[in-house]
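Okay, so here's the structure we're looking at.
The values are calculated or read from the model by the stated rules, or taken from the named source; none is laboratory data. As the structure is a prediction and not an experimental result, all values here were calculated from the model. Because the Cβ atoms are built from the backbone with ideal geometry, glycine has one as well, and the counts that use them run over all protein chains shown.
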Amino acid sequence: MKKLIILLFLLAPLPGLAQNLQLQYDFGNDRKFYTATLEMFKTDTLGFTYWFVDFDFDFPGHPRSMSAVYGEISRDFYIPGLRRIPFFDQLSFHLEYDDGFGSFKDPEMKTAAFSFNNVFLTGFSHPLKIGQVIITTQWLLRMPRGMDVPDFQFTVVWFQPVFKGKVLVTGFADLWSQDKLAEPDDKELVFQTEPQLWYFLTRKIAVGGEAEISRNFPAGPVGWKCRPTLGFRWEF
């Protein structure tokens with residue numbers, strides 16, 4: 001889960017704040033656990049800040065406790081001189097940092113820990129309007145820890161309330177390149193998308209879920225996978 005409220009900057013040109021908490025159950029064959037997600041988005045006169053943190057609850061026990069934490073934080077800066085030029089007025093310079101860690105039980109049932117490979121990203125963001133739908137595109141260079149040459153990443157994010165705001169269609173899709181684990185001199189493409197659908201029971205509470213669709217994630221060769229989820233969302 002990520003990037004799901006970043007398009008609000010188009011709807012809130014004045015300084016503003018948006019936050020939500022999600023709790024979803026993952027029905028994927030290799031999952032079967034809960035994930036909690038906290039998101040925050042804030043605009044200001046220079047641009048906007050966005051971050052999210054995922055908490056996976058898959059550590060052995062009854063009930064299961066937290067097994068992994070993963071987060072991303074990004075900052076977009078409007079580019080001086082372009083704010084009055086049509087089409088380029090929403091172009092922004094993007095900085096991002098991704099990282100996380102987790103724990104598990106080894107074969108001897110001892111607790112062990114691991115760290116996600118952190119990634120720095122930089123590039124540009126630009127929104128596009130297709131009909132009534134606003135889509136943000138991000139054109140980025142990504143530098144994972146330990147790499148000497150950056151890879152590319154292309155991201156699209158969508159956010160569209162429908163049926164007078166009772167339903168929210170949102171999500172993202174990422175496509176990036178990375179070194180193959182078995183052949184570091186060769187590259188592979190990784191695709192990941194998480195479309196979400198929410199129905200608002202009240203102005204603040206929604207029920208729904210997402211489909212986590214990926215290929216070669218987190219590293220190939222891995223075929224296409226689809227992991228559906230169900231849960232609730234609280235706007236605050």
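Of all residues in region 70-84, which are at pLDDT 95 or above and surrounded by 16 or more Cβ atoms within 10 Å (Cβ to Cβ)? Answer for region 70-84, where residues must be at pLDDT 95 or above and surrounded by 16 or more Cβ atoms within 10 Å (Cβ to Cβ): 70, 71, 72, 74, 75, 76. When every residue of region 154-165 is checked against the conditions, at least one turns out to be surrounded by fewer than 14 Cβ atoms within 10 Å (Cβ to Cβ) and of a type in the set (A, V, I, L, M, F, W, C).
Whether any residue in region 102-111 is at pLDDT 90 or above, within 16 Å of the chain's Cα centre (by Cα) and either in a strand (DSSP E or B) or more than 23 Å from residue 141 (Cα to Cα) (or both) is what I want to check. No, because not a single residue in region 102-111 is at pLDDT 90 or above, within 16 Å of the chain's Cα centre (by Cα) and either in a strand (DSSP E or B) or more than 23 Å from residue 141 (Cα to Cα) (or both).
With respect to (1) assigned to a strand (DSSP E or B); (2) β-branched (Val, Ile, Thr); (3) surrounded by fewer than 18 Cβ atoms within 10 Å (Cβ to Cβ); (4) at pLDDT below 95, the lone exception for residue 170 is condition (3).
Given the structure, is residue 202 of a type in the set (S, T, N, Q) and either over 20 Å from residue 116 (Cβ atoms) or loosely packed, with under 15 Cβ neighbours inside 10 Å (or both)? So residue 202 passes the test.
Just so you know, in region 47-68 the residues that are of a type outside the set (Ser, Thr, Tyr), touching a Phe, Trp or Tyr at 6+ places or on another chain (Cβ under 6 Å) and at pLDDT 90 or above include one that is nearest to residue 83 (Cα to Cα), and it is 47. Of all residues in region 215-224, none satisfies being surrounded by 13 or more Cβ atoms within 10 Å (Cβ to Cβ) and over 16 Å from residue 176 (Cβ atoms).
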